[in-house]
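What follows is a short report on a single structure.
Just so it is clear, none of the values below were taken in a lab; they were calculated from the coordinates. Not measured: the values here are computed from a predicted model. Here Cβ is always computed from backbone atoms with ideal geometry, including for glycine, and neighbour counts include all displayed protein chains.
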Amino acid sequence: MKSTLLFLGVAIVAFVVIRIGKNLYLKPKNITGARAIEIKGTLSDGSLFTLSALKGKYILLDFWGSWCGPCRQGNPELVALYQNFHGQEFKNASGFEIVSIGLENNSSRWAQAIASDGLIWPYHLMESSSFDSPVTMAYNVKQLPTKFLINPDGVIMAVDPGLKEITKILHDRI
């Protein structure tokens, strides 16, 4: 009886430690109030991109994958968010943009997912599907989807916020 209780106690402690450790491991490195790390790359249309070129706007960095079920399920809400706030005038910003960073192995599947899901914003970058690409490592992204909301000054306002939280933050700044 004592050995069963001891085993059960050890199992519960192990479960809690693993659960907490996993959450800490998966948490993005960047924190609210930190300066957003510069991103440079080539967009889906072949043009060059730098995150700093969008300074003065609210920016949502969206790390996703065409192969990621939760990412794809959330894309209709992301499109609605973009449609609601892209042309909006803000008190202290010149607009709102989404920058999608796809972790992919197959560029044609990535392009097909962008078209299929109606991701109408112009800023689509592709990184290797592993989590050791320069951009994912810079932002310490270890799971998808992961989002960062950046203010017009290039400072991270929210780390991995939900779409309702993003909507509230942006709405409060109109």
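Figures for the structure shown
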item	result
Loop-located GluC sites (Glu not before Pro) in region 67-136 whose Cβ has at most 11 other Cβ within 10 Å (DSSP)	E89
Percent RCO, i.e. relative contact order, over region 31-171, from Cα pairs under 8 Å lying at least 6 residues apart	35 percent
Whole-Å distance, taken between Cα centres, linking region 140-174 and region 57-132	13 Å
In region 31-171, lysine pairs with alpha-carbon atoms under 18 angstrom apart (chain gap of 8 or more, or interchain)	11
Under 5 Å, built H, 5+ apart or other chain: amide partners of S44	H124
HN-Hα J in Hz across region 154-161 - Karplus 6.51, -1.76, 1.60, θ = phi - 60°, x for Gly and Pro	x, 9, 5, 8, 8, 9, 6, x
Computed lengthening from Q83 to R109, 0.36 nm per intervening residue step minus Cα-Cα distance	7.0 nm
Residue exposure sequence - V159, V99 - by fewest surrounding Cβ within 10 Å	V159, V99
Least to most buried among W121, W110 (fewest other Cβ within 10 Å first)	W121, W110
Charge-dipole axis of region 78-174 as Lys and Arg at +1 and Asp and Glu at -1 on Cβ define it, positive-most pick from Q112, L125, I166	I166
Amide hydrogen neighbours beyond the local backbone of E97, cut-off 5 Å, H modeled	Y58, I59, L60
Placed amide H near E127: partners under 5 Å, 5+ positions off or other chain	G102, L103, E104
